[in-house]
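The values are calculated or read from the model by the stated rules, or taken from the named source; none is laboratory data. In this text, all values refer to a predicted model and were calculated from it rather than measured experimentally. Glycine also receives a Cβ, built like all others from the backbone with ideal geometry; neighbour counts cover every protein chain displayed.
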Amino acid sequence: MSLPSAPGWLPCSDRSLERGDPLPGTAGYGERWFLVEIDGAWGAHAFLQSPLDPALARALVTRIESAGIRPLAIRRTGRTAHQRRAQTEWRWAAVDARVGHERVHWGVVTDPADLLQVPLDGATGAPSTEPLICVCTHARHDQCCAVKGRPVVTALAQAYPAATWECSHLGGDRFAATLILFPHGLYYGRVTGAEAPDLVDAYLDGRIEPRWFRGRSSLPNVVQAAAAFARANRGDDRIDAFDYSSWTESGGVHTVSFIHGDERLAVKLAESLSAPLLSTCAASTARPVREFELRSITPG
């Protein structure tokens, strides 16, 4: 798939890179996730416009979202159209990405209607200690996700075939290629195929790769940004190096407190709105987005 080439037109991810949109603090929110293998074409909504029966898909999405859980469609990469049409099993994964509760449970059904009976907490699933890599390739949601996500998922499927999946919309199309690493729910953006395996290697070593890190899905955006400032200040890229303890706001200035080893840190940051921008390839109305600026990092 290629992007339009009208004179002066740039895809949203190229515009974002040209503007220098900051990555930290932009991860979509999700404490718990429920992933369903839908091995076929996805429309703009990966569940409702898919090989699943529309009524079943609506009921499934309603059930998941009503429980405060994020649904995510997944599929293997490199499969032929015939292989996708021949799906006879629907794997699912229940993911808890909350700090201190990280886990993945896998299960499978042979009738997609049975997905409506699967406990969303993974109680009937098999626990897994392996990472789960999901790369957004959702072309019908935004072309950038497919064009830039495809080389990334191909490279990762070669390096980590069992762990790698294509996935539906994660959010932040302007940061394509985007991916998330479970169970910790670590969001990354502007990843390339050449860089992606090193990023996962760091994850397996318990580290964050700050160059492409957007934030952790179980934390609010303000806390994500504050953690990024603290990590850069202390030069510590361990995943759990900064234990979030509190967050207050006064007069547009946020104070986020962390415990870092034997020290307590107070990170002050200001929130502002960017100039109006087109955040997706399909957007027709420019709107501002939230941005964060570091004010100070002090003990306490």
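Data overview
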{"read-out": "The one condition in (1) among the small types (Gly, Ala, Ser); (2) under 17 Å from residue 132 (Cα atoms); (3) without any contact (Cβ under 8 Å) to a residue 60 or more places away in the chain that residue 217 fails to fulfil", "value": "(3)"}
{"read-out": "Selection from segment 122-175 of residues that are more than 24 Å from residue 101 (Cα to Cα) and acidic (Asp, Glu)", "value": "142, 166, 173"}
{"read-out": "Whichever residue in segment 261-277 is surrounded by 14 or more Cβ atoms within 10 Å (Cβ to Cβ) and not charged (D, E, K, R) and, among such residues, is modelled with the lowest pLDDT", "value": "277"}
{"read-out": "In segment 255-300, the residues that are over 23 Å from residue 244 (Cβ atoms), among the charged types (D, E, K, R) and in a loop (DSSP other than H, G, I, E, B)", "value": "none"}
{"read-out": "Any hit, segment 58-69, residues being of a type in the set (A, V, I, L, M), at pLDDT 95 or above and touching a Ser or Thr at 6+ places or on another chain (Cβ under 9 Å)", "value": "no"}
{"read-out": "Qualifying residue in segment 278-292 (condition: farther than 20 Å from residue 29 by Cα and at pLDDT 95 or above)", "value": "no"}
{"read-out": "Spans of strands (runs of 3 or more DSSP E) in segment 116-203 with at least 1 residues without any contact (Cβ under 8 Å) to a residue 60 or more places away in the chain, surrounded by fewer than 19 Cβ atoms within 10 Å (Cβ to Cβ) and out of contact with any Pro (no Cβ under 9 Å at 6 or more places or on another chain)", "value": "126-128"}
{"read-out": "Answer from 110, 88, 80 - the residue that is hydroxyl-bearing (Ser, Thr, Tyr) and at pLDDT 95 or above", "value": "110"}
{"read-out": "Residue 255 closer than 18 Å to residue 291 by Cβ and of a type in the set (S, T, N, Q)", "value": "yes"}
{"read-out": "Hits in segment 221-236 (condition: crowded, with 16+ Cβ neighbours inside 10 Å and more than 13 Å from residue 24 (Cβ to Cβ))", "value": "234"}
{"read-out": "Pair list, Cβ < 9 Å and 6+ apart or interchain, from segment 242-260 residues that are loosely packed, with under 15 Cβ neighbours inside 10 Å to residues that are acidic (Asp, Glu)", "value": "249/271; 252/271; 253/271; 259/243"}
{"read-out": "Residue match in segment 71-78 (condition: basic (Lys, Arg) and buried (at least 20 other Cβ atoms within 10 Å of the Cβ))", "value": "yes"}
{"read-out": "Top-ranked residue of segment 48-81 - restricted to ones that are out of contact with any strand residue (DSSP E or B) (no Cβ under 6 Å at 6 or more places or on another chain) and of a type in the set (S, T, N, Q), ranked as farthest from residue 38 (Cα to Cα)", "value": "66"}
{"read-out": "Segment 11-34 - residue that is of a type outside the set (A, V, I, L, M, F, W, C), modelled with pLDDT under 95 and not in a loop (DSSP other than H, G, I, E, B) and, of those, nearest to residue 71 (Cα to Cα)", "value": "13"}
{"read-out": "Failed item, numbered, when residue 8 is tested on (1) at pLDDT below 95; (2) closer than 25 Å to residue 157 by Cα", "value": "(2)"}
